[in-house]
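Notes to accompany the following structure.
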Amino acid sequence: VTAGRQHATEIEWAHFDGVAFDAPRLGGVVSAGGFFGRRVMLWDEYDQKAIGGGHVTWHAPESLDVTVSDVVYVENSLGVSAHYAPLEVEGLYFSSTFKLIDDDLDRVDVGADWSNDDLGIEGFFRYVHAFEGVDHDFRYDYTAEDSRADRLNLPKISAFDDYELRLYKRIVRPFGVYAGIIRRQMESTRDETAWEEDSYWQPQAGVDLS
């Protein structure tokens, strides 16, 4: 149990004054956690101050974890995620998340990671689909809707697909190089009120000393 000013990372990220608890591996197959408190407001005051949430994770056989996470602040954010690491392929890891805000579909997120320490190679792929018409600014800084004109001034979000691929090769510890590409594909043509950029390609390359 932790009390005081802290952060919680559930299906939404929260900064609050309150209490949080973590109960890992109850009975060996289930873990859980939760928090409740008053949202930290550094510059503005909002009517809604209480925030709370939590999660339950089922640790299934064969390296599969399934988590249900929920956060309530003005509206309800609910997410279901799964993480799988097949035992027959060392270093391979799959993840997926399905998220709703109240009754609105918000996003689907799937990804895969692979690493081989002997070869010094890492690979990463991620795909995100954001659904159209989600009239919330939770996706940016988790503020209430009545503050969007003052804080963000954003209209509804158009649907888009994000694809990201990245490869890393270690040369000599700790020196390595990486290259990747990000693709954002908007599902509608940008208009005068849209805040998003148009569809784009974003190549990446560099060195890594971690």
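Here the range 59-82 is scanned for amide nitrogen atoms under 17 Å from the site 7 Å beyond the Cα of Leu105 along Cα-to-Cβ, giving 78-81. Close amide H partners of Val40, meaning residues 5 or more places away or on another chain with modelled amide H under 5 Å apart, are His15, Phe16, Asp17.
Roughly how many Å² is the accessible area per residue of the range 47-98, as a whole number, for a 1.4 Å probe?
Values: 2770 Å² over 52 residues.
Per residue, the range 47-98 has an accessible area of 53 Å².
The values are calculated or read from the model by the stated rules, or taken from the named source; none is laboratory data. In this text the structure is predicted, and so the values were computed from the model without any measurement. Using ideal geometry, Cβ is built from the backbone for each residue, glycine included, and neighbour counts are taken over all protein chains shown. Note: areas computed on protein heavy atoms with side chains; ligands, DNA, RNA excluded. Shrake-Rupley method; radii C 1.70, N 1.55, O 1.52, S 1.80 Å.
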